[in-house]
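Structure first, commentary second.
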Amino acid sequence: MKLSKLLMAVSAAALLSGGAFAQDKIDVKLGVLNDRSGTYADLSGEGSVIAAQMAVEDFKAADKGINVEIVSADHQNKPDIGSSIARQWYDQDGVDVILDVPTSSVALAVADITKEKNKIFMDSGAGSSDLTGKACSPNTVHWTYDTWALANGTGSAMVKAGGDTWFFLTADYAFGHALERDTAAVVEKAGGKVLGSVRHPFPGQDFSSFLLQAQSSGAKVIGLANAGADTTNAIKQASEFGIVQGGQKLAGLLTFVTDVKALGLQTAQGLVLTEAFYWDQNEGTREFSKRFAERHGGAMPTMVHAGVYASVLHYLKAVEATKGKDATAVMAKMKEMPTDDPLFGQGEIRVDGRHVHNMYLFEVKKPEESTGDWDLYKTVATIPAAEAFRPLADGGCNLVK
Amino acid sequence: MAEIFGIPAAALYGQLLLGFINGAFYATLSLGLAVIFGLLNIINFTHGAQYMMGAFVGWMLLTYLGIGYWPALILAPIIVGVVGMVIERLLISRLYKLDHLYGLLLTFGLALIIEGLFRNGYGVSGMSYAIPAELSGGVNLGFMFLPLYRGWVVLASLVVCLGTWFMIEKTRLGAYLRAATENPTLVQAFGINVPLLVTLTYGFGVALAGFAGVLAAPIYAVNPMMGSNLIIVVFAVVVIGGMGSILGAVVTGFALGLIEGLTKVFYPEAAATVIFIIMAIVLLVKPAGLFGREA
Amino acid sequence: MSDEAESVGAGATLDVEPVGAEAILSDRAARGKSLHMAIFAGLAVLLLIAPFLMYPFFLMKLLCFALFASAFNLLLGYGGLLSFGHAAYFGMASYVSAHAAKVWGLSPELAILAGMVTAAGLGLLFGALAIRRQGIYFAMVTLAFAQMIYFFALQAPFTGGEDGIQGVPRGHLFGIIDLSNAMTFYYVVAVVFLLGILLIYRIIHSPFGQVLKAIRDNEPRAISLGYRADHYKLAVFVLSATLSGLAGGMKAIVVQLASLTDVYWAMSGEVVLMTLLGGMGTIFGPMVGAAIIITMQNYLASLGAWVTVAQGVVFVVAVLMFREGIVGVVSKWLKKPL
């Protein structure tokens, strides 16, 4: 299978620099497997490949005797296409690490195959908290976020900020139910109250009557337990009914910066959401994002892109430290070393594969507060790493003793 | 709050309105299918893609040319209709002598091409299209809150559907059309250019889809995939109604929208499947469809 | 077969190329048969050596789709019925097989059997309703039912919604043969595939198949000869659904997952395309079509939505100028049915 290969010039650069380690070079092959044409193409897609390349360059891998090649492919959000590519990459193309993989169904499939072949899977784009829970694997690292963290961040932080009565707008399928259940639990634990919920067909198109129910419930927060086009449609229609102007807050439980960008501030203003990364947080994120945007048609990185960058960086550190690419040794090293990068700050990879770091509650700015195209969020709260992710014992992962 | 069968009245009316709006789209689209089927005897699988094109053309007119909603409501259907006529002339017309199933297969292929092209060009996250200023907001009717734009959608599609019915049943052009449906050779012999009539009819049916698309653009995100799921439901609507009658297609469309809306109130889990279940029942009881002519 | 009969037949049948049909009808005897046996033998040899030339996992997937397309062709090519909802049987069987293997812990052959039974049941139910309408209505009805199954799969708890059923164990065939070895598993799939195709071949050339073709070519005439056309149509519908279920169940075990892709309408369209491209109403056409489409998807995977466009173009070209399909053209050229 001739998947589009992005052969990096890194090896050439290494030859030119005449590295001292020329004799014992380590060749690693990274596969960025994500959605390059569908719903998640904007938040992962080509941007994730760019992020991986930048990590290799910033790490100066070639100078350190690590020869990195990056390949990429489109899994079209279909698990059987994704798993075929993953198998082929591991069996035939010599890929060592698969990166990104948004869409939970594909990510779960790739995690299984990676375990079977004893390679490494570093996920950034998928949301399923099962990846480090019931379906956890010694070969998986889940870097950026999961649904538990989003539910927890948005739920608890909103209640603390006074949003103590909730109404859910839930997509009527397994994923929507799980998101609602997790968030409701967090809200109640934090002392809030769930006034009601309504389930809409998936995929939904017209949310007007559901939104009117939410509006008449008088809840302070309307939680959107859905994703993708359902969420953007609901937000759009909520703006049409002046729900946010009426004093209620909309909370997106799985909303990305690209969704907000597509909706525009006029429509999305006042929306509250949890993310792991925003380009305009500190010097480190701004510096990276500026360089990233130059190579990505002006679009700022999403948290998924940031996660790919940081995970490649951490992987390369572990390869350097173990002087090899043996999956078991590198995984052990990655879990042993604390993580530290300019985008996520300090953190660690837990035994279940979960990477823990701070999460942030953002609110979408009003148009008049924004000073530029990508000036979208203001930070409402920081959720410290220790509280941001599901406690190790609660996930049901069999690696946890 | 007033309740009916334990359901808050506002929710009930809200869902009924919602159902009525969906019904408006079902009606407009199945009307277009019926018009095309009547003369060309093909099922136009491209209909969903053409509905999507209508929404996209409306969005493009606004984004690239600054042409607003009201002119787009006229222009976009014309553009989609003209594209449709070109497709009919170049491709579909080659199949009239063959089995009608080939028309279905051809238009299915065309739908794939159109959707694929739009996905390549615009991704699938969808574009937003603002509600025209004149129709934003809503009125409180006492028993429910009616968003103005929703009211407009129902009104506009009703007018278009009834207008189409009037044109086909009561005008001279409509008479030619009906005659050509019955016996094209004879009508051709009377000196009427039947191939032209066929092309225009296809263009008109497709324009109806484009019109529905523009109507939908401010409500739903403008998205390359917006037509493909809708069209299958519309097919079920067509099977239920039968394609023998223009008015039948319209009535069935609105009625099924309402039933779907009611289902959302009383048993939301079945909302996505209720139309298919009704289709199964109709097939058992009256295989030709409620308004159908053939067995 | 006459053109008038075709139009009287209310569009219920696709006009499969007269040459092929006539030839098949008149040529039950040895001439065609020995050629077919030679091709089957060649196919068996090809299957035997293929895994040494190509990636076995890819081949297994390809064989599942080739069987699916052949099962579909039984209905379209020989029954003259265009179903636009075959994904329902393929996909539902793959869900049930995956669930049976993973949750109930059944051995692979029993899991696949459970999938086939499900597909047969669905085929009986939907087939009985769908054959009440003809031609394009038949196509629309089957499509609508398939969409209903899609929504069911999306919402039902056991299918895992968007996540699908993951990590399906391959297990041991008959409790003995370990399928986790790729080569072993490949040969099992190849044998099942070959048996499936031979069964289809047998059905087509049985008296049942002859009546079926008579109905396809001229339903009123067949009815007037005393055949109960509806029974035959329903029977072939159920057979086709069951064999599609075999393909779907096997695919679930091969790919080790079942997902919404397999029940989506696009899958129904793909199997129509495979059959049309390869040559409907030919024995070997659908597998050729499946091989081309699956290979195309695999090689073009990185192009994303262009795959959809390419499939659409193939569809349009095939309908406009290539209605006999590849094998159909070869068959015409050889003047022998294939």
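The values are calculated or read from the model by the stated rules, or taken from the named source; none is laboratory data. Keep in mind the model is a prediction, meaning the values are calculated, not measured. As a convention, Cβ positions derive from the backbone with ideal geometry for all residues, glycine included, and neighbour counts pool all protein chains shown.
For the stretch C:225-240, name all the residues that are of a type outside the set (A, V, I, L, M, F, W, C) and either modelled with pLDDT of 95 or more or under 20 Å from C:GLY121 (Cα atoms) (or both). C:ASP230, C:HIS231, C:TYR232, C:LYS233, C:SER240, listed by residue number. When the helices (runs of 4 or more DSSP H) confined to the stretch C:163-240 are screened for residues that are under 30 Å from A:VAL101 (Cβ atoms), those reaching at least 3 such residues are found at C:182-204. Of all residues in the stretch B:36-56, those satisfying the criterion of being part of a helix (DSSP H, G or I) and buried (at least 24 other Cβ atoms within 10 Å of the Cβ) are B:ILE36, B:HIS47, B:GLY48, B:ALA49, B:GLN50, B:TYR51, B:MET52, B:MET53, B:GLY54, B:ALA55, B:PHE56.
Filtered by the rule that a residue be within 14 Å of chain C (Cβ to nearest Cβ) and of a type in the set (A, V, I, L, M, F, W, C), the stretch B:42-85 gives B:ILE42, B:ILE43, B:PHE45, B:ALA49, B:MET52. For the stretch B:137-170: of the residues being small (Gly, Ala, Ser) and surrounded by fewer than 16 Cβ atoms within 10 Å (Cβ to Cβ), which is nearest to B:LEU29 (Cα to Cα)? Going through the qualifying residues, I end up with B:GLY163. The sole residue among A:ALA126, A:ALA157, A:ALA135, A:ALA174 that is farther than 19 Å from A:VAL330 by Cα, of a type in the set (A, V, I, L, M, F, W, C) and away from chain C (no Cβ under 14 Å) is A:ALA157.
Only a single criterion out of (1) assigned to a loop (DSSP other than H, G, I, E, B); (2) at pLDDT 90 or above; (3) in the same structural domain as A:VAL159 (by TED's automatic domain parsing) is not satisfied by A:GLY242, namely (2). For the stretch B:92-141, a residue qualifies if it is of a type in the set (Lys, Arg) and either touching a strand residue (DSSP E or B) at 6+ places or on another chain (Cβ under 6 Å) or in a helix (DSSP H, G or I) (or both), and the qualifying residues are B:ARG94, B:ARG119. Among residues of the stretch C:322-338 that are farther than 16 Å from C:LEU76 by Cα, those with a beta-carbon under 8 Å from a residue that is in a loop (DSSP other than H, G, I, E, B) and at pLDDT below 85 at least six positions away or on a different chain give the pairs C:VAL330/C:LEU338; C:SER331/C:PRO337; C:SER331/C:LEU338; C:LYS332/C:GLU17; C:LYS336/C:ASP27; C:PRO337/C:ASP27. Within the stretch C:169-184, residues that are loosely packed, with under 11 Cβ neighbours inside 10 Å sit with their Cβ atoms under 7 Å from residues that are at pLDDT 85 or above and not basic (Lys, Arg), at 6+ positions apart or across chains, in these pairs: C:PHE174/C:SER107; C:PHE174/C:GLU109; C:GLY175/C:SER107; C:MET183/C:PRO51; C:MET183/C:PRO56. Where helices (runs of 4 or more DSSP H) sit wholly within the stretch B:212-285, those with at least 2 residues that are under 20 Å from B:VAL153 (Cβ atoms) and more than 10 Å from every other protein chain (Cβ to nearest Cβ) occupy B:246-266.
Can you pull out every residue in the stretch A:353-376 that is farther than 14 Å from A:ALA157 by Cβ and assigned to a strand (DSSP E or B)? Break it down into steps so the answer makes sense when it comes.
Quick first cut of the stretch A:353-376, residues farther than 14 Å from A:ALA157 by Cβ only: A:353-357, A:364-376.
Across the stretch A:353-376, the qualifying residues are A:ARG354, A:HIS355, A:VAL356, A:VAL364.
Looking at the stretch C:41-159, what helices (runs of 4 or more DSSP H) fall wholly within it and have at least 3 residues that are touching a residue at least 40 places away in the same chain (Cβ under 8 Å), within 13 Å of chain B (Cβ to nearest Cβ) and crowded, with 22+ Cβ neighbours inside 10 Å? Output list reads C:108-130, C:135-155. Does B:VAL187 satisfy the criteria of being among the β-branched types (Val, Ile, Thr), in contact with a helix residue (DSSP H, G or I) (Cβ under 6 Å, 6 or more places away or on another chain) and without any contact (Cβ under 8 Å) to a residue 60 or more places away in the chain? For B:VAL187, the condition - among the β-branched types (Val, Ile, Thr), in contact with a helix residue (DSSP H, G or I) (Cβ under 6 Å, 6 or more places away or on another chain) and without any contact (Cβ under 8 Å) to a residue 60 or more places away in the chain - is met.
Tallying residues that are within 14 Å of chain A (Cβ to nearest Cβ), in a helix (DSSP H, G or I) and over 19 Å from the mean Cα position of the chain (by Cα) within the stretch C:295-324 yields 11. Within the stretch C:315-338, the set of residues being surrounded by 21 or more Cβ atoms within 10 Å (Cβ to Cβ) and closer than 29 Å to C:LEU35 by Cα comprises C:ALA318, C:VAL319, C:ARG323, C:GLU324, C:GLY325, C:VAL327, C:GLY328, C:SER331, C:PRO337, C:LEU338. Could you check C:SER34 against (1) touching a residue at least 12 places away in the same chain (Cβ under 8 Å); (2) out of contact with any Phe, Trp or Tyr (no Cβ under 7 Å at 6 or more places or on another chain); (3) small (Gly, Ala, Ser) and say which number it fails? Here C:SER34 meets the rest and fails (1). If the condition is being of a type in the set (Gly, Ala, Ser) and crowded, with 24+ Cβ neighbours inside 10 Å, then the stretch A:228-250 contributes A:ALA234, A:ALA238, A:SER239.
Can you confirm whether the stretch A:256-269 contains a residue that is in a loop (DSSP other than H, G, I, E, B) and more than 30 Å from A:GLU69 (Cα to Cα)? Within the stretch A:256-269, one or more residues are in a loop (DSSP other than H, G, I, E, B) and more than 30 Å from A:GLU69 (Cα to Cα).
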